[in-house]
Amino acid sequence: MAKIDGRTLNHKALEHIRILAVKRVIEDKEAPSEVMKSLGLCRTTIYPWLRKYDDEGMEALVERIAQGPEPKLTEKQRQQVKRWILGKDPRQYGFDFGLWSRRIVQALIEDKMGIDLGLTAVGRLLASLDITPQKPLRRAYERDPAAVALWQRETYPKLKRRAKRLGAKIFFLDEAGFQSDPPLARTYGLKGKTPVVVTSGQRQSLNVISAVNARGQFWAATYTGKLDAEAFVAFLKNFMDSRTGKVFLVVDGHPAHKANVVAFRAFRGTFFQADSGENGEFY
């Protein structure tokens, strides 16, 4: 019979095996080696169990899980720490850094509660509160959640109905910028001597304007410099050159998108301008 690794068994299973094995030796007069062989465990494992039985009886074989040290934080304090962190920013508590770390949580607990916790203890505390290290999503501080919810709930469904009625396609347009600077992460080096990574001193940037719809149709163009109203008009013409039929174009609140020269130009299609989730107008 293949050997069983007792470390893979849970506490209750091990307790049952200990009591069963000792009873077979004491009450049924079986040989310890035969008992352990039948259970698939190491032959010598039973002898400490038998000594415990001789000293304290069967109660000595019952599983006793160590309680560990008394926690420094009460349950109320633990939940307070959770409320401090979730949905909040360390800068709201006077810290210079905008992301949570164990060291910041450690300092906050000591400042607010006068309790000194080690970094390992802080890590265990956060894990027990289901708070894990994660890469945050970026959200613009200008973002208006109420306006976004209104746009999703009312404005966009209305736009879809009108597009369907007119046989138009809905595209979402935005701009993004890229730089050639290589992102440098952490590396190892001799203490006191910062490592040097050789990179190019020339910095280049590239801007991209693109539009995509729900069916995966995609258009993009590159440019350098800032986007102004005249450039945006040129891009709209370029965009419509490859389109047939009407288009509803959803854009954000960039000044170039809202300029008068854009609002009153016609590009063989219909454009919808949405500013920060507002209803916008059709042109």
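Side notes on the structure shown:
- Among residues of region 238-250 being in a loop (DSSP other than H, G, I, E, B) and not β-branched (Val, Ile, Thr), the one that is modelled with the highest pLDDT is Lys246.
- None of Asp54, Asp28 is open to solvent by 80 Å² or more (accessible area, probe 1.4 Å), in a helix (DSSP H, G or I) and at pLDDT 85 or above except Asp54.
- Looking across region 91-106, just one residue is among the aliphatic types (A, V, I, L, M), touching a residue at least 24 places away in the same chain (Cβ under 8 Å) and part of a helix (DSSP H, G or I), and that is Val105.
- Number of residues in region 146-163 that are in contact with a strand residue (DSSP E or B) (Cβ under 9 Å, 6 or more places away or on another chain) and open to solvent by less than 40 Å² (accessible area, probe 1.4 Å) equals 2.
- Given (1) surrounded by 11 or more Cβ atoms within 10 Å (Cβ to Cβ); (2) modelled with pLDDT of 90 or more; (3) not in a helix (DSSP H, G or I), number of the condition Lys88 does not satisfy: (2)
- Checking Phe235 against (1) outside any loop (DSSP other than H, G, I, E, B); (2) at pLDDT below 85, the condition it does not meet: (2)
- Ala259 vs. criteria open to solvent by 70 Å² or more (accessible area, probe 1.4 Å), within 25 Å of Val148 (Cβ to Cβ), touching a residue at least 12 places away in the same chain (Cβ under 8 Å) and not charged (D, E, K, R): no
- Only residues that are open to solvent by 70 Å² or more (accessible area, probe 1.4 Å) and free of Cβ contacts under 8 Å to residues at least 24 places away in the same chain were counted in region 57-77, giving 10.
- Unmet criterion (only one of (1) closer than 30 Å to Gly123 by Cβ; (2) at pLDDT below 85) for Leu41: (1)
- Within region 35-50, considering residues that are among the hydrophobic types (A, V, I, L, M, F, W, C), within 11 Å of Leu20 (Cβ to Cβ) and open to solvent by 20 Å² or more (accessible area, probe 1.4 Å), the one nearest to the chain's Cα centre (by Cα): Leu39
- Single unsatisfied condition, Gly253 versus (1) open to solvent by less than 80 Å² (accessible area, probe 1.4 Å); (2) part of a strand (DSSP E or B): (2)
- Candidates are the residues of region 91-109 that are exposed (fewer than 14 other Cβ atoms within 10 Å of the Cβ) and within 14 Å of Leu126 (Cβ to Cβ); the one that is farthest from the chain's Cα centre (by Cα) is Arg103.
- Scanning region 208-220 for residues being open to solvent by 20 Å² or more (accessible area, probe 1.4 Å), at pLDDT 90 or above and farther than 14 Å from Val247 by Cα gives a total of 3.
The values are calculated or read from the model by the stated rules, or taken from the named source; none is laboratory data. As the structure is a computational prediction, the values presented were derived from the model and not from experiment. So basically every Cβ, Gly included, is an ideal-geometry build from the backbone, and we count neighbours across all protein chains shown. Areas reflect the complete protein model, heavy atoms only, side chains present, ligands, DNA and RNA absent. Shrake-Rupley method; radii C 1.70, N 1.55, O 1.52, S 1.80 Å.
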